[in-house]
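Right, one structure below, let's go through it.
Since every read-out is calculated from the coordinates, none of them should be taken as a lab result. Everything numeric in this text was worked out from a predicted model, so none of it was measured. Cβ: placed from backbone, ideal geometry, glycine included. Neighbour counts: every protein chain shown.
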Ligand code: GRF
């Protein structure tokens, strides 16, 4: 089977990158990682890429005079690696409209909330403070607005009375690691097409059902 090449952008520990590395190692998974880029030289995820024998690179935004110049460097590296999709995995830079348009419908992101609720940072603290009963994670196509874009998949967990930020983050992260490869697969296989600004629900893979059970797994 010929695999679709993806580029993964990270800024930190890279646990979602690891989930993707593990998924890509399976013969029947449709993606292969062509390049890992971190905008931070000390990101833990770079070691994961190195350990997996993957091409990896630091492109630090601090080395460029402008956001455009930084994004040009990202763009060139991704093109040189011949990737078809850009997968954001804890990448902490906002991408401009120019970059997003260049890779239109080929950039995906994971966010640790049930979007469109709780966009932005400090999600779990805000979730606890708000009193919502359920939280989770979302994989979506990227649009220029932060944490915006057609939803590809979500996974849910119930907030427990004893939860604090840490326990909640850990439980959501576990869901993230299952949801991201599943959604990437759907995108590559053409099962997450955008129609009138959203991904129609009927394209949902049956396994998504398992991911919407609180505390699945
Ligand atoms: C994850 O919670 C992801 O949803 C968010 O940033 C975090 C990255 O964690 N966008 P990791 O670097 O993948 O471990």
* Structure fact -> Log10 I(q)/I(0) at q = 0.07, 0.12, 0.19 Å⁻¹ for the chain, from Debye over equal alpha-carbon scatterers, is -0.20, -0.61, -1.53
* Structure fact -> Going fewest to most other Cβ atoms within 10 Å around each Cβ, 113, 11, 60 line up as 60, 11, 113
* FRET efficiency for residue 28 and residue 170, using Cβ-Cβ distance with R0 set to 30 Å, rounded to 0.05 -> 0.55
* Per DSSP H run of at least 4 residues, take -39500 (n - 2.57); add these up for the chain, divide by its residues and hand me the 222 nm value, nearest 500 deg cm²/dmol. => -10000 deg cm²/dmol
* Structure fact -> To the nearest 0.05, the calculated FRET efficiency linking residue 122 and residue 98 through their beta-carbon distance, R0 being 25 Å, is 0.35
* To do: Out of all DSSP beta bridges with both ends in the chain, state the antiparallel percent to the nearest 5.
  => 40
* Structure fact -> Rounded to the nearest Å, the spacing of the alpha-carbon centers of region 1-24 and region 111-188 is 18
* To do: Using the number of other C-beta atoms within 10 angstrom as an exposure proxy, rank 179, 54 with the fewest first.
  => 54, 179
* Once the piece of chain linking residue 76 and residue 64 is laid out straight, how much longer is it, given 0.36 nm per residue of separation minus the C-alpha distance between them? -> 2.9 nm
* Structure fact -> From fewest to most C-beta neighbours within 10 Å, the residues 157, 58 line up as 58, 157
* **Label point distance in nm, residue 194-residue 1, each placed 7 Å from Cα along Cα→Cβ** => 2.6
